[in-house]
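Take a look at the structure set out below.
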Amino acid sequence: MKTLIYNGTIYSMRTERETFDAIVITENKISECINGEVNPALYDHFIDLKGAVLFPGFVDTHTHLVGTGMSLTSISFKGETLAQSVLDVICEATKAMDDDQFLICEGLDDNKLDRKLTINDIERVTHKKVIIKRVCRHAALVSRAVFNHFNITDDVRDIDGGKYEREDGKLNGWVHDNAMEVILSVASKTDESTITQAVDKAVTAFRSVGLTGVHTEDLAYYDDFKDVLQAYKNVIHNQNPFRLNILRHTDVIEEVLDTDFEYNEYFRSDAMKFYADGALGGRTALMREPYTDDPTTSGLAIYTKSELEAKVKYAREHDIPIAVHMIGDKAVEMVLDAIEAYPIKNGRDRLIHVSFLSEDLISRMKQLPVICDIQPMFVASDFPWALARVGHERVRYSYPWHSLLSVGIICGGGSDSPIETYNPMYGIYSAVARQSPDDTQGYNMEEALSVYDAIRLYTTEAAKVARNEDTYGTIEVGKYADFTILKQDPFKVKIEKLYEIETSCTMIDGKIVYQCEG
């Protein structure tokens, strides 16, 4: 059974602007790449692109799939700028709640609010248990009822890798990193059914923006990681295809290794994930020098040097690459020290975010078998307030995507959804323009990418990150028939219009899994 795809622009992504006039699919693979006229009548089936633009399937190398699905049905304050509007929503949402319930909200960005919210603000509108996750998911604002539930009082001490924020010696409701995770581990109750619904909703949403696969890290955040694995299987299969690279958090890695979960072309096992620091917004990203706007802190180390090395050593003993969240330059330095002390034998370690670097760190990275898992949209969402955090001197090697690619370091494009939008066209736009659609200027434009290099993050580079470049990432004979089909050609629109390009169709294994209406 052969299917012809023709009458559009087909970019191979093997080189810049290489195109084909048509391709042929046999079963779930590309069997021919054609330049020249074709006769659709000679094939069993044909798909007329009608002038649309086909790329190898876009893959997002950093998401939280279950969290994305849940955020699509949760209260979200993403984009909200008025503190009072947040409080109005909380007041209304908690009216019918029982006292034993938790209201968990998403997406609060205190840098965009007209004023910072605290525990006292929530207390004025409700006495129920409320948790509002910051957009970075490394901090949350909680109500007094939450502190009371956990017997947390003003004299509580910070915990390893976690911080309770205070004003004038009293808790202000903000909890960071591990202090937040302890609360969420109790407040977020899930089962196989609720997780399956979240997976289904997320996969549907991902495919609607042209994604044929994602790399996801979900296993340590819900009541039972087996529920998550089963939910994947409930939703994704050969009749409903989607491709996952499954990162496995250090908190559950031993148990996951002992399971009999069957990996296949839709489920690939990936690195052991852990965190080296926090996030820039809450000043918990670990920096070499103190924060410019708060010299009392340089951030938060999740692990000591010896603890971090122990994590790496464990991964080496089990022949597993590591995948480490690191935003600040000091966190990067600590992880590179551990990698150099315990070199990997097979594969490449994954450096996640690497938002703030320096020449010496890039030089060290170049010598190591590592890949970088980067989030172009962080530039759009973090500036200009990031300048206040780190000052102008440290900005030169902030979000340094061009510097990394120019020395041959593999970089995959991720969204960190639900923290940022999962639409890859926003990531491509951000990598090129280095600004949000609302900004009037780009930031640190020395690090801007070409449109071609930005698309590579989600195609050829993403395939390398997955160690899967033999099966997808380019349009070539023998590779999966996974395609992202766009309504417009990103090489032919103005840069400021890149994020507006819509997906016409998404295909996985030669099956149409999303078709735009109209």
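The values are calculated or read from the model by the stated rules, or taken from the named source; none is laboratory data. Only a predicted model underlies this, so the values are computations on that prediction, with no experimental measurement involved. In this analysis, Cβ positions are derived from the backbone assuming ideal geometry, glycine residues included, and neighbour counts consider all displayed protein chains. Protein only, heavy atoms only, side chains kept; ligands, DNA and RNA dropped before computing areas. Shrake-Rupley method; radii C 1.70, N 1.55, O 1.52, S 1.80 Å.
For region 194-227, enumerate the residues that are among the acidic types (Asp, Glu) and touching a Leu at 6+ places or on another chain (Cβ under 7 Å). Correct list: Glu217, Asp218.
If you go through region 1-60 and keep only what is under 24 Å from Lys464 (Cα atoms), in a loop (DSSP other than H, G, I, E, B) and either among the β-branched types (Val, Ile, Thr) or touching a His at 6+ places or on another chain (Cβ under 9 Å) (or both), you end up with just Thr15.
Where helices (runs of 4 or more DSSP H) sit wholly within region 176-250, none has at least 2 residues that are over 30 Å from Asp100 (Cβ atoms), aliphatic (A, V, I, L, M) and in contact with a helix residue (DSSP H, G or I) (Cβ under 6 Å, 6 or more places away or on another chain). Any residue that is closer than 28 Å to Met272 by Cα and either aliphatic (A, V, I, L, M) or open to solvent by 20 Å² or more (accessible area, probe 1.4 Å) (or both) - is there at least one of those in region 487-494? Checked region 487-494: no residue is closer than 28 Å to Met272 by Cα and either aliphatic (A, V, I, L, M) or open to solvent by 20 Å² or more (accessible area, probe 1.4 Å) (or both).
Filtering region 108-144 to residues that are open to solvent by 30 Å² or more (accessible area, probe 1.4 Å) and over 22 Å from the mean Cα position of the chain (by Cα) leaves Asp114, Arg115, Lys116, Asn120, Glu123, Arg124, Val125, His127, Lys128, Arg144. For region 157-212, residues that are within 18 Å of Gly67 (Cβ to Cβ) and within 19 Å of the chain's Cα centre (by Cα) total 16.
Pairs linking a residue in region 405-423 that is in contact (Cβ under 8 Å) with a residue 60 or more places away in the chain to a residue that is among the aromatic types (Phe, Trp, Tyr) and open to solvent by 30 Å² or more (accessible area, probe 1.4 Å), with Cβ atoms under 9 Å and 6 or more positions apart or on different chains, are Ser415/Tyr422; Ser415/Tyr426; Asn423/Tyr499. For region 26-55, a residue qualifies if it is among the β-branched types (Val, Ile, Thr) and under 31 Å from the mean Cα position of the chain (by Cα), and the qualifying residues are Ile30, Val53. Taking the criterion of being in a helix (DSSP H, G or I) and at pLDDT 95 or above, would at least one residue in region 469-489 satisfy it? The answer is no; no qualifying residue exists.
If you go through region 206-223 and keep only what is open to solvent by 10 Å² or more (accessible area, probe 1.4 Å), within 24 Å of Ser269 (Cβ to Cβ) and modelled with pLDDT of 95 or more, you end up with just Arg207. Inside region 387-414, can you point out the residues that are in a loop (DSSP other than H, G, I, E, B), more than 19 Å from Ser363 (Cα to Cα) and either at pLDDT 95 or above or in contact with a Cys (Cβ under 6 Å, 6 or more places away or on another chain) (or both)? Of everything in region 387-414, just one residue is in a loop (DSSP other than H, G, I, E, B), more than 19 Å from Ser363 (Cα to Cα) and either at pLDDT 95 or above or in contact with a Cys (Cβ under 6 Å, 6 or more places away or on another chain) (or both), namely Gly414.
Taking region 251-261 as the range and being touching a residue at least 24 places away in the same chain (Cβ under 8 Å) and outside any helix (DSSP H, G or I) as the test, the residues that pass are Asp251, Val252, Thr259, Phe261. Within region 384-429, being buried (at least 24 other Cβ atoms within 10 Å of the Cβ), under 10 Å from the mean Cα position of the chain (by Cα) and β-branched (Val, Ile, Thr) holds for one residue alone: Ile419. Quick check: is even one residue across region 152-165 touching a Phe, Trp or Tyr at 6+ places or on another chain (Cβ under 8 Å), closer than 30 Å to Phe55 by Cα, among the polar types (S, T, N, Q) and not in a helix (DSSP H, G or I)? No, region 152-165 contains no residue that is touching a Phe, Trp or Tyr at 6+ places or on another chain (Cβ under 8 Å), closer than 30 Å to Phe55 by Cα, among the polar types (S, T, N, Q) and not in a helix (DSSP H, G or I).
Taken over region 180-205, the residue count meeting the criterion of being modelled with pLDDT under 95, of a type outside the set (Val, Ile, Thr) and either open to solvent by less than 20 Å² (accessible area, probe 1.4 Å) or closer than 30 Å to Ile119 by Cβ (or both) is 8.
Would you mind stating whether Ser31 is more than 27 Å from Ala463 (Cβ to Cβ) and either touching a residue at least 12 places away in the same chain (Cβ under 8 Å) or surrounded by fewer than 16 Cβ atoms within 10 Å (Cβ to Cβ) (or both)? So Ser31 fails the test. Would you say Thr15 is surrounded by 20 or more Cβ atoms within 10 Å (Cβ to Cβ), over 18 Å from Met507 (Cα atoms) and at pLDDT 90 or above? Taking the combined requirement at face value, the residue does not satisfy it. Scanning region 358-383 for residues being out of contact with any helix residue (DSSP H, G or I) (no Cβ under 7 Å at 6 or more places or on another chain), surrounded by 20 or more Cβ atoms within 10 Å (Cβ to Cβ) and part of a loop (DSSP other than H, G, I, E, B) gives a total of 2. When Asp224 is tested against (1) more than 22 Å from Val66 (Cβ to Cβ); (2) free of Cβ contacts under 8 Å to residues at least 60 places away in the same chain, only condition (1) is not met.
Inspect region 83-94 for any residue being surrounded by 19 or more Cβ atoms within 10 Å (Cβ to Cβ) and assigned to a strand (DSSP E or B) and give the result as yes or no. No, that holds for no residue.
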